[in-house]
1. Amide H to amide H under 5 Å from L123: which residues, 5+ apart in sequence or cross-chain, H placed 1.01 Å off N in plane?
2. Between E151 and S19, with labels modelled 7 Å along Cα→Cβ, what's the label distance in nm to one decimal, could you check?
3. Give the peptides 93-106, 53-66 in descending order of average Cβ contacts within 10 Å, highest first.
4. Separation between the I59 and A165 pseudo-spin-labels, each 7 Å from Cα along Cα→Cβ, expressed in nm?
Amino acid sequence: QSVLESFFNESGDGDRTWSHDDATKLASQHPPGCYGITFLPYLSPGERTPDWPHAKGAILGLTTHNMALATSGRDVSASDGPTNPMAGLIYRAAMEGITYLLAEALETMKLACGEGFELKSLLVVGGGSQNKLWRQMLADVLNVELRFPLESESAALGAAFQASASVEASTQK
């Protein structure tokens, strides 16, 4: 189950289905760092990178102060937003959590490959690659050129690139 489904589409908002664009608009209202709230994005059973098969998601750092900051100025009874006033903040925190998870995975790859590994650009694929807020987070945190294929649903292409790079690296030794 995704963050979008958990905090928007199952928050008691009746028949309305929230899109990622809706959620991103609300997430954009909150600052980077999410008032100190951290989201560990391990919602699927386990995690592949790093290999933590029993990892669970978590929201950390909640205080009365940052919750008040997150909800100040929001009319929770308005029909143009989700019932859960924290939904935009949690959505942003989830995007940040995924971004830092990717940064950690890249750092692990650098350590595993040694000095010969130099990341020049990163091919970003999947539905999230269309999200402008998440693109900016990736650019800010990863500090690398981001490239986006014309066909965003290109995960298999990424796997093929990885395999090709591995074969090339092993034949150069």
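1. HN-HN under 5 Å from L123: R147.
2. That separation, rounded to one decimal, is 2.3 nm.
3. 93-106, 53-66
4. Simple spin-label model gives 3.4 nm for this pair.
Read-outs: derived from the displayed coordinates by stated rules, not from any lab. Note that this is a predicted model, so its numbers are computed, not measured. Every residue, glycine as well, gets a Cβ built from its backbone with ideal geometry; the counts of neighbours run over all protein chains shown.
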